[in-house]
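Trainee: Before I ask anything, here is the structure I am working with.
All of the numbers you see were taken from the coordinates with simple rules; none came from a lab. These numbers were taken from a predicted model, which means no experiment stands behind them. Because the Cβ atoms are built from the backbone with ideal geometry, glycine has one as well, and the counts that use them run over all protein chains shown.
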């Protein structure tokens, strides 16, 4: 397996007028991963993706896909990419099949058999010859996935793919993406502002705010997760006094939160009870990515 | 990479799989038939030649021009309105090639609608006036068929210029409404403009699109107003057409696809 990054963003900036939308973004996306791109609305996720697929010009820097520059070798670079940029818009007056045929004609080596295979993968066999205007949003999303993977791209780019999908649609999409990453080795780059969604889908998450990359972290590094993200919560009758007694911790919603291991938790429990403080509940709480994200982005102000 | 004709095939699919396009052809056939009947009834017992009948119907070619402008207006702007431009431009084809495929599909459409129009008007005219095929309107030394074909050519050039203008506006403003509106403006104010700004009095008017669009003014080797010649008008038209295409190409190539 080569570990050359599939996508290489090198000091990418985008300025429109005097406004800097993306500021010197450098990011490598390793192959075979589901890579999340997280940020509040207006952080520059969509702009970055549009530069990645050549829909927008890059003001400074360059983006390489499989070693080919999207600006200088567009046709080579883009042939490795399948994408859904925001909602999958289709030709409504054509049938689903005609839409796929349209995109199949534009990529070399997509056979009729491949089209049938993809239709089956996304489960649209029953309705593929109906006009797209009769499709539900979920079906359009499936068709969107189908057009994106027709030519077996090495990189699949999805911009806010779960927007407007119902929970079942989201789950389906998630399972397609996992399947693609695991079975076909496709690298998937997916943007979202839905943090919980990213936690369920991604191997790695890059966090962007106001056009700047502020963090990249792995979500499958279990030790780091265990140490960094877990706290022990005590629900007690008098949290203030409990904190004084223990000499550490933070109070949240009349609960006391502590960074401790299980043995210490038992000892603290004993001390609290002996001091006459009632302990109603002890639980380990996991700090979600969402909490971390809000911490990182300072509550997500759009500036 | 790949085969360029498949792109044109795609553009054709997007034109001919729309019901709208078939309504256009239907309207043309119906109008030709309707006016033939009207002329026949209005003419009473006197009969005219089939060739004259065809010529009588040729004003309906305006319909073809309007429809060509509508298709041209949608061919680029439609992709933006539908949002499909985002999926169209992320294929292994440069924007130049995508635009070229649209241009070629448009030109094929203008040829098709022209052929349909003249076939329809010829067939209906010959069917309605089968007994008298010698023209009263044309002198003996000119073959009516040659005359008609020359006429078609002049009218087709007019249509093509308008369609390409519409194509440019479509690419620049991404709005088919503006493209249709402005093309219609050119189509219908051309005559008025030529009257208001007669090149004899206003020498600069020679270089405007309007006064050069009707090439039939030079028919039979005639000289046009203010010393204009066929060669001059062709040069002016060609310059405008190249300008339209250049502007379309530059804007389409450079544009950030944002919405």
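Trainee: With r defined as the distance between the Cβ atoms of residue B:19 and residue A:275 and R0 fixed at 56 Å, what FRET efficiency is calculated, to the nearest 0.05?
Mentor: 0.10
Trainee: Subtract the Cα-Cα distance of residue A:92 and residue A:4 from 0.36 nm times their separation in residues, and report this length gain in nm to one decimal.
Mentor: Gain on stretching residue A:92 to residue A:4: 27.7 nm.
Trainee: Taking neighbour Cβ counts within 10 Å as the exposure measure, how do A:154, A:72 sort from fewest upward?
Mentor: A:72, A:154
Trainee: Calculated FRET efficiency, residue B:58 and residue A:57, Cβ-Cβ r, R0 45 Å, to nearest 0.05?
Mentor: Once rounded, the FRET efficiency stands at 0.40.
Trainee: Return the single residue from A:165, A:195, A:25 with maximal mean-square fluctuation; model: Gaussian network over chain A, springs between Cα atoms under 10 Å.
Mentor: Taking springs between Cα atoms under 10 Å, the residue moving most is A:165.
Trainee: Mind giving me the nanometre distance, one decimal, between the label points for residue A:179 and residue B:104, set 7 Å out from Cα along Cα→Cβ?
Mentor: 3.7 nm
Trainee: Then there's this: Mind checking A:86-99 for the average number of partner chain beta-carbons within 10 Å of each residue's beta-carbon?
Mentor: So the per-residue partner count for this stretch is 4.
Trainee: Taking neighbour Cβ counts within 10 Å as the exposure measure, how do B:94, A:46 sort from fewest upward?
Mentor: Final ranking by Cβ density, sparse to dense: B:94, A:46.
Trainee: Further question on the same structure: Select from A:265, A:181, A:43 the residue whose mean-square fluctuation is largest in a Gaussian network model of chain A (Cα-Cα springs shorter than 10 Å).
Mentor: Sorting by GNM fluctuation, first place goes to A:265.
Trainee: What is the average number of partner chain Cβ atoms found within 10 Å of a Cβ in A:105-111?
Mentor: 5
Trainee: log₁₀ I(q)/I(0) of the stretch A:7-220 at q = 0.11, 0.17 Å⁻¹, via Debye over equal Cα point scatterers, no solvent, to two decimals?
Mentor: With no solvent term, the Cα-only Debye profile gives -0.51, -1.21.
Trainee: Based on DSSP, what percent of beta bridges with both residues in the protein assembly as shown are antiparallel, to the nearest 5?
Mentor: The antiparallel fraction comes to roughly 65 percent.
Trainee: Related question: Hey, how much of the P(r) for the stretch B:131-259 falls beyond 21 Å, as a percent of Cα pairs?
Mentor: 52 percent
Trainee: Please give the FRET efficiency for residue A:166 paired with residue B:6, using the beta carbon to beta carbon distance and R0 = 30 Å, rounded to the nearest 0.05.
Mentor: About 0.25, to the nearest 0.05.
Trainee: Would you calculate a helix-derived [θ] at 222 nm for chain A, using -39,500 (n - 2.57) for each DSSP H run of n ≥ 4 and dividing by the full residue count, to the nearest 500?
Mentor: Calculated at 222 nm, the ellipticity per residue is -10000 deg cm²/dmol.
Trainee: Here's a follow-up. GNM, chain A, Cα, under 10 Å: largest mean-square fluctuation among A:209, A:73, A:113?
Mentor: Sorting by GNM fluctuation, first place goes to A:113.
Trainee: Counting other beta carbons within 10 Å of each residue's own, what order do A:160, B:150 fall into, fewest first?
Mentor: B:150, A:160
Trainee: I'd like the mean, over residues of B:5-16, of how many other protein chain beta carbons sit within 10 Å of each residue's own Cβ.
Mentor: Numbers: counts 1, 6, 3, 1, 3, 8, 1, 0, 7, 5, 0, 0.
Per residue, the average neighbour count from other chains is 3.
Trainee: Let me ask something else about it. Label points 7 Å out from Cα along the Cβ direction at residue A:152 and residue A:196: separation in nm?
Mentor: 3.8 nm
Trainee: Can you give the percent of C-alpha pairs in the stretch A:138-278 whose distance is more than 25 Å?
Mentor: 52 percent
Trainee: In addition: In the calculated pair distance distribution of the stretch B:61-176, what percentage of Cα-Cα distances lie above 17 Å?
Mentor: For the stretch B:61-176, the share of Cα pairs beyond 17 Å comes to 63 percent.
Trainee: Over the stretch B:4-254, what number does the Rg to Rh ratio reach, with both radii from the alpha-carbon atoms and Rh per Kirkwood? Mind dumping the intermediate values first?
Mentor: Numbers: Rg = 20.0 Å, Rh = 19.8 Å.
When Rh is taken as the Kirkwood radius, the ratio is 1.01.
Trainee: Hey, what's the Cα Rg ratio for the protein assembly as shown versus the globular rule of thumb, 2.2 N^0.38 Å?
Mentor: Numbers: Rg = 33.3 Å, N = 562, 2.2 N^0.38 = 24.4 Å.
Against the empirical 2.2 N^0.38 Å value, I get 1.36 for the protein assembly as shown.
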